[in-house]
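Asker: Take this structure first; my questions come after.
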Amino acid sequence: MRVLGFSALLVLFAQDPVPRPRLEAFPGELRLGTPSLTNAIADYDGDGDLDIYVGMNGAPNRLYRNDGGSFTDVAGDATLAFDNLPPGVTAHCEPILAGVDRVPVVFEATADAAIAGTLADVVAATKNVKGGFLQQVNLIYGPPNNTVFFGTAVRKLAVAVAEEAPFKLSIVEPKVPLVRAGAMNLKVVAERKAGFDKPITLKLLWSPPGVSAAGEVVIPAGQNEAFYPLNADGNAAAQTWKIAVIGSADAGHGAIWTSSQLAPLRIETPYLGMTIDLTAVEQGKDGEVTCKLSILKPWEGKAKVTLHGLPPQVTGAVLEKEITKDDKEVEFAIKAGEKSPAGQHKTVFCQVLVPEAGDTIAHSVAGGSVIRIDPPASAPAPGAGATAGPKPVEKKKLSRLEQLRLEAESTTKEQK
């Protein structure tokens, strides 16, 4: 389910019977600081004053209620309620946090639920604001550029109970967190009915802020599980989120869809940091990569560190080592090939697998570190190694007057 908001920040508008612009005060924090995304103006509470909705980038969204020119932020976490669902159907969802604009909702029907459908009411409510469901449906569109010629707005959600699907999906809840700048393989299991062996295409229903995932993953025909890769950036919100995976397959009469349960995904800060000193190595020579560690959360046991992203034709005999929470650095011996490209290579990083609860927590650290490949030093020219003697002093050419003076001085000495 997606929660829609308005967009744009304006402060000049006309509301008086005689149209004329009026300048109203708005919160100064909107002028500078955290960039905003989608913004809008609307009179959401119907009091005749235009209110401002601001979708922030990297901060909670704001809804500024205008009370006669005085603006108050009334946004907050919103809860969802579903009324008039078909008998036997339950909706599962978490509150919509102030910093996000959507949340996954999983509908579950009991095994004995009658095949039927209803138009359900959806209500989202915060402490100060209550809203409903709205979906724009484009019915006729075409050229140019898929222009919409006719559509309608739907204010109720269609929910129906269909025949049981030939497979069920479940997420194996992770024992360890996904850390910022880290990765995780989420295990998804399919329970198939007898005789159903078609491939099942998986998609993550929604990604928490700062988390990215593959577009889709396929459970191959006849198999019952797959791993869905997840990655967290360095600013992923550190908290527990609920996620779900939906799957589709050809059930013999077209595609059929089903969903997993809502499963917790825990995002945490990294257990360690790393910096890699600039490494310079000459073509055809040996070198050493020094990785300096900063332990942020101690762990028990040994973690595995693997060096990745070496330049072309640069190798290492051992590129995986073990560390403990007490280590301060780790070193890798490398060798540059004679034809390894000279210059700076900013592709080096390390993956660290930290043990916890019988599993490992994958960290990606020291990204963009540099190895510089230098050409070999110029060889000395043949014979250049011998020490040259002193350069003979060239005699100064004397003028005729100086010659006569020297001859006179010599004659005088002889007479004495």
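Asker: Scan the range 178-204 and report the pairs whose first residue is open to solvent by 10 Å² or more (accessible area, probe 1.4 Å) and whose second residue is basic (Lys, Arg), with Cβ atoms within less than 8 Å and a gap of 6+ or a chain change.
Answerer: Between residues of the range 178-204 that are open to solvent by 10 Å² or more (accessible area, probe 1.4 Å) and residues that are basic (Lys, Arg), the close pairs are Glu191/Lys168.
Asker: Return the residues of the range 297-315 that are assigned to a loop (DSSP other than H, G, I, E, B), open to solvent by 50 Å² or more (accessible area, probe 1.4 Å) and in contact with an Asp or Glu (Cβ under 7 Å, 6 or more places away or on another chain); say none if nothing qualifies.
Answerer: Passing the criteria: only Lys302.
Asker: Only one of Ala226, Ala232, Ala221 is in contact with a Gly (Cβ under 6 Å, 6 or more places away or on another chain) and at pLDDT 95 or above; which?
Answerer: Ala232
Asker: Mind listing just one residue for me: the one in the range 43-85 that is more than 36 Å from the chain's Cα centre (by Cα) and closer than 30 Å to Ala160 by Cα and, of those, surrounded by the fewest Cβ atoms within 10 Å (Cβ to Cβ)?
Answerer: Going through the qualifying residues, I end up with Asp83.
Asker: Just to check your reading of the model, which residue among Val159, Val137, Val106 is assigned to a strand (DSSP E or B) and exposed (fewer than 15 other Cβ atoms within 10 Å of the Cβ)?
Answerer: Testing whether each residue is assigned to a strand (DSSP E or B) and exposed (fewer than 15 other Cβ atoms within 10 Å of the Cβ) leaves just Val137.
Asker: Considering each residue of the range 249-266, count those that are open to solvent by 20 Å² or more (accessible area, probe 1.4 Å), assigned to a strand (DSSP E or B) and either farther than 29 Å from Thr324 by Cβ or hydroxyl-bearing (Ser, Thr, Tyr) (or both), and give that number.
Answerer: Of the residues in the range 249-266, 7 are open to solvent by 20 Å² or more (accessible area, probe 1.4 Å), assigned to a strand (DSSP E or B) and either farther than 29 Å from Thr324 by Cβ or hydroxyl-bearing (Ser, Thr, Tyr) (or both).
Asker: Of the residues in the range 267-286, how many are buried (at least 17 other Cβ atoms within 10 Å of the Cβ) and farther than 27 Å from Ala183 by Cα?
Answerer: 3
Asker: Which condition number does Phe332 fail, the rest of (1) within 21 Å of Ala181 (Cβ to Cβ); (2) in contact (Cβ under 8 Å) with a residue 40 or more places away in the chain; (3) open to solvent by 20 Å² or more (accessible area, probe 1.4 Å) being met?
Answerer: (3)
Asker: While we're here: Could you tell me whether any residue of the range 113-128 is among the β-branched types (Val, Ile, Thr), open to solvent by 80 Å² or more (accessible area, probe 1.4 Å), in contact (Cβ under 8 Å) with a residue 24 or more places away in the chain and at negative phi?
Answerer: Yes - at least one qualifying residue is present in the range 113-128.
Asker: Could you go through the range 145-154 and let me know if any residue there is open to solvent by 70 Å² or more (accessible area, probe 1.4 Å), without any contact (Cβ under 8 Å) to a residue 40 or more places away in the chain, assigned to a strand (DSSP E or B) and polar (S, T, N, Q).
Answerer: Within the range 145-154 (the criterion being open to solvent by 70 Å² or more (accessible area, probe 1.4 Å), without any contact (Cβ under 8 Å) to a residue 40 or more places away in the chain, assigned to a strand (DSSP E or B) and polar (S, T, N, Q)), the answer is no, since none of the residues qualifies.
Asker: Does the range 395-415 include one or more residues that are in contact with a Lys or Arg (Cβ under 9 Å, 6 or more places away or on another chain), modelled with pLDDT of 70 or more and more than 27 Å from Ile295 (Cα to Cα)?
Answerer: No - not one qualifying residue is present in the range 395-415.
Asker: While we're looking at this one, here's another question. Would you point out the residue of the range 353-371, among those that are in contact with a Ser or Thr (Cβ under 8 Å, 6 or more places away or on another chain) and within 16 Å of Pro298 (Cα to Cα), that is least open to solvent (accessible area, probe 1.4 Å)?
Answerer: Val354
Asker: For a quick check of your reading of the model, give me the residue pairs whose first member lies in the range 208-234 and is in a loop (DSSP other than H, G, I, E, B), whose second is of a type in the set (S, T, N, Q) and open to solvent by 20 Å² or more (accessible area, probe 1.4 Å), with beta-carbon atoms closer than 6 Å and at least 6 apart or on different chains.
Answerer: So the pair list comes out as Gly210/Asn235; Glu216/Thr201.
Asker: Sticking with this structure for a sec: Give me the residue from the range 92-103 that is in a strand (DSSP E or B) and crowded, with 18+ Cβ neighbours inside 10 Å and, out of that set, nearest to the chain's Cα centre (by Cα).
Answerer: Taking the candidates together, the pick is Ile96.
The values are calculated or read from the model by the stated rules, or taken from the named source; none is laboratory data. All values derive from a computational prediction rather than experimental measurement. FYI the Cβ positions are ideal-geometry reconstructions off the backbone, even for glycines, and counts take in every protein chain you see. Just the protein is used for accessible areas: all its heavy atoms, side chains included, with ligands, DNA and RNA removed. Shrake-Rupley method; radii C 1.70, N 1.55, O 1.52, S 1.80 Å.
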